[in-house]
Amino acid sequence: MSRTQSRKKPTHRPRPLPVSRRAPPGVRGGSWGRRLRWLAASLFLLSAIPVLVLRWLPPPTSMFMLIERASALLDGDHQYRIHYRWVGWDAISPQAKLAVVASEDQTFARHLGFDFKAMEQALERNRAGKPLRGGSTITQQTAKNLFLYPGRSYLRKILEAYFTLLVELSWPKQRILEVYLNIAEFGDGIYGVEAAAQMFFHKAAARLNSEEAARLAAVLPNPKRLHVDDPSRYVQKRKAWIQGQMRILGGRHVLDEL
């Protein structure tokens, strides 16, 4: 064999392909997924922590109160005042507790934040052209007044449902009713049953009788137009209906379910 034949032919190694600096699609998707999960977790904590804290601490104010105050300032009304005074469960008359349950949410002790039957009835009533009436529970109204803003948009409804679930899963029923009675609006700038009792009846909320409690509850659907101190025929009729419902529910014994 000749020397030339014994030589091995040189092998040509292929050049390595250039490495792309862009991450593979899966990695990019994973990065966005992590960011979205981090954002969702952050938003959940930002919303859940105040709900948990307010299970034990009295709310210093509510979103509705803040909006009212801001609106007055924007309108140039620097004399506008919010009347709000927190009182605990034992400092509220059982008649006031019973009156709002009888007027606003008679299944309050049994539902998990939503009364779907009442919502269906409200939709049917509104479709029939009868006076508008919502199907919101006490829990929904508490969540809306405390954390949200007035309005009827789909976004507001979604947020209301979200906060309603947080409140219902975090607070006992007694706490929900206690907070609602303290932040509900009973007149222009008059928030809470204690401020309303002092303003309209010159007494503490603990001393409200059934007639006074029913009159306060009668204006809750629209406290801007309905007046406790100058009750219209509608308010008087509604007050009598609420007192009848309070008796039908079994009086103060209904509060034992909470």
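The values are calculated or read from the model by the stated rules, or taken from the named source; none is laboratory data. Worth saying up front: this structure is predicted, and the values here are computed from it rather than measured. In this analysis, Cβ positions are derived from the backbone assuming ideal geometry, glycine residues included, and neighbour counts consider all displayed protein chains. The accessibility values were calculated without ligands, DNA or RNA, using every heavy atom of the protein model including side chains. Shrake-Rupley method; radii C 1.70, N 1.55, O 1.52, S 1.80 Å.
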Exercise for review: All but one of (1) touching a helix residue (DSSP H, G or I) at 6+ places or on another chain (Cβ under 6 Å); (2) within 27 Å of Q79 (Cβ to Cβ) hold for F200, so report the exception by its number.
Suggested key: (1)
Point to revise | Counted residues, segment 149-186 - those being in contact with a Ser or Thr (Cβ under 9 Å, 6 or more places away or on another chain) and assigned to a loop (DSSP other than H, G, I, E, B) | key: 2
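Within segment 41-60, restricting attention to residues that are more than 14 Å from the chain's Cα centre (by Cα) and under 25 Å from D188 (Cα atoms), which residue is surrounded by the fewest Cβ atoms within 10 Å (Cβ to Cβ)? First the steps, then the outcome.
Of all residues in segment 41-60, those more than 14 Å from the chain's Cα centre (by Cα) come to 41-46, 49, 53, 56-58, 60.
Then drop every residue that is not under 25 Å from D188 (Cα atoms), which leaves 58, 60.
Numbers: P58: 13, P60: 9.
So, considering only residues that are more than 14 Å from the chain's Cα centre (by Cα) and under 25 Å from D188 (Cα atoms), the one surrounded by the fewest Cβ atoms within 10 Å (Cβ to Cβ) is P60.
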Check your understanding: Looking at (1) farther than 19 Å from T139 by Cα; (2) open to solvent by 10 Å² or more (accessible area, probe 1.4 Å); (3) in contact (Cβ under 8 Å) with a residue 40 or more places away in the chain, which is the only condition F201 fails?
Key -> (3)
Exercise for review: Only residues in segment 207-225 that are at positive phi count as the first member; pair them with residues that are of a type in the set (A, V, I, L, M, F, W, C) and outside any helix (DSSP H, G or I), Cβ under 7 angstrom, at least 6 apart or cross-chain, and list the lot.
Suggested key: none
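Please work out which residue is nearest to the chain's Cα centre (by Cα), limiting yourself to segment 134-167 and to residues that are polar (S, T, N, Q) and at pLDDT below 95.
Taking segment 134-167 as the starting set, the residues that turn out to be polar (S, T, N, Q) are 136-137, 139-142, 145, 153, 164.
Narrowing further to those that are at pLDDT below 95: 136, 153.
Numbers: S136: 10, S153: 15 Å.
Per the criteria, the residue is S136.
Which of the residues belonging to segment 151-177 are touching a helix residue (DSSP H, G or I) at 6+ places or on another chain (Cβ under 7 Å) and open to solvent by 20 Å² or more (accessible area, probe 1.4 Å)?
Step one: list which residues in segment 151-177 are touching a helix residue (DSSP H, G or I) at 6+ places or on another chain (Cβ under 7 Å), which gives 160, 163-164, 166-168, 170, 174, 176-177.
Of everything in segment 151-177, those that are touching a helix residue (DSSP H, G or I) at 6+ places or on another chain (Cβ under 7 Å) and open to solvent by 20 Å² or more (accessible area, probe 1.4 Å) turn out to be F163, L166, E168, S170, Q174.
Looking at this structure, is R252 under 21 Å from D90 (Cβ atoms), surrounded by fewer than 21 Cβ atoms within 10 Å (Cβ to Cβ) and over 24 Å from the mean Cα position of the chain (by Cα)? Write out each step before concluding.
Numbers: under 21 Å from D90 (Cβ atoms): yes; surrounded by fewer than 21 Cβ atoms within 10 Å (Cβ to Cβ): yes; over 24 Å from the mean Cα position of the chain (by Cα): yes.
Yes: the conditions hold for R252.
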